[in-house]
Each structure stands twice: as C-alpha cells, then as structure tokens.
Amino acid sequence: MSETAASALVLAVTALTGAVLLMPRLARAPLLRAAVTPLASIIGSGFLVLGPITVNAWGSAAPLAMAALCAFGWALGAAIRENIAGYDRRPPPAAVVRLERLAEALLAFAYVVSVAYYLGLFGAFAVALSGADDRFHARLVTTAALGFVALVGWRRGFGGLEALESFAVVFKLAVIAGLLAGFGWHAAGAAARGALSVSPPQLTGWPAATLLMG
C-alpha cells in the first residue's frame, strides 16, 4: 500500500470512529459518560507516553506487561467501586470522612499539576511544528489553553467542562483508532515481507516492574 493509501486509511478510520462515538445514543450511554473523566486522565500518560516506553523497555514482552497493568487497574477500580457502594450502605466514621476530604484536596492538587504538565507538553509540541519553536511561545500556547478552559468553566460551569472533556476524549479515541489502523497495516506489510523485527527486553526484574508502575 502506498503512503497516500495508508494515510487515507488512517483518516477514514479516524473519521468513522469519531462519527460513531458522537452518535447521540452512544454519547449518552452511562458507561461512556462514566468513563470520560478516567479516559481523559489516562490517554495521554498511557497511550502516548507509557506505551512507547514500555515497548522500548520490555520489547516483545510489552503486550503481556500492558495486559498485566490493565488487569491491576481493573482490580483497583473494583475495590474503589466496592468502597463507593459500601459508603451508601453504611456511613463511615467521622475520622474516615475527614481522611476522605484530605484525600480529595490532595487529588485536586495533583490533578491541577497533571493538567498543567500536559498542557505544557501540548504547548511545546504545538510550537515545534511552527517557526516559533522557543520557550516563550510554548508557554504562550499553554497559557492560552489554560485561559480557554477557565473561560469555559466560568461561563458554562461544570456542564460545559464535561462537554468539552467528552469531545476531547472522543477526538483522542478517534485519533488512536486511526493510528492503530495505520500501525496494524504497517506491521502486516512488514510481516508479509519478512521484515518484522522483534526487540528483546532492555530491562528485567525490579527495574522493569518499577518502570511499568510509573
């Protein structure tokens, strides 16, 4: 397949995935709405950062490592869901409530730091594609993005931020689907030519485990 045809495949899969996810019936599905915020948080660090790092460090064992990490995340989520359900059945002691409030404050602070960090990366990548590739313009883009989010929150409230978040998640999922289609086609072509390479793990033991856990 030529580069033009491969690009057309990526764009077609991206557009189709976005159109499907934006269908009103699917967009209002409880499961998708509940998954929006977690997906918004993990897509950047998971798919764009941890995925390539894991492939580089774990080599051919990377799919098993990512599967184990997903299983651990699902188990942790199950414990959190059980705690939420138990909270409704029997109110916790006052000390637990105070501890929960402290945890919420710490989580909010960590989330602000995380958002600022990834917006900083966004600004750096944005100016890297232009002729104004310097720290000042990168921070200018980051500040503009933060200002836009603040403006939406001020004018539209949490509902507006949730809608913005949902659109961003759908866009990223569509892009990921397109990239996976392109990667899959490239890998299939390389395998057909006998040019598919398998990388050995670069890390093993405890260093590999700690890298996988972030």
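None of the figures in this text is laboratory data; all of them are computed from the coordinates on show. What you are looking at is a predicted structure, and each value in this text was computed from that prediction instead of being measured. Methodologically, a virtual Cβ is constructed for each residue, glycine included, from the backbone with ideal geometry; neighbour enumeration extends over all protein chains shown.
Spacing of the modelled spin labels on Ala19 and Arg193, each 7 Å from Cα toward Cβ, amounts to 3.2 nm. On C-alpha positions alone, give me the angle between the axis of helix 3-21 and the longest principal axis of the chain, in degrees, nearest 10. Around 20 degrees separate the two axes.
As a test of the formula, what do you get for the chain when each DSSP H run with n ≥ 4 contributes -39,500 (n - 2.57) and the sum is divided by the residue count, at 222 nm and rounded to the nearest 500 deg cm²/dmol? Please list the in-between numbers first.
Details: 8 runs with 174 residues, N = 214.
That comes out to -28500 deg cm²/dmol.
Computed on region 3-212, with alpha-carbon pairs under 8 angstrom and 6+ residues apart, the relative contact order is 46 percent. Label-to-label distance, Tyr117 versus Val96, with points set 7 angstrom from Cα along the beta-carbon direction: 3.1 nm.
Which angle between 0 and 90 degrees, to the nearest 10, do you get for helix 135-193 versus the longest principal axis of the chain when only C-alpha atoms count? In the chain, helix 135-193 runs at an angle near 40 degrees to the longest axis.
Residues Glu165, Glu104 in ascending order of nearby Cβ atoms (within 10 Å, fewest first): Glu104, Glu165.
Between the helical axis of 30-42 and the longest alpha-carbon principal axis of the chain there is an angle of about 70 degrees.
Among Ser41, Ser166, sorting on how many other beta-carbon atoms sit within 10 Å of each Cβ, with the fewest leading, yields Ser41, Ser166. A simple charge model with +1 on the Cβ of Lys and Arg, -1 on the Cβ of Asp and Glu and nothing else charged puts the dipole of the chain at about 480 debye relative to its Cα centre.
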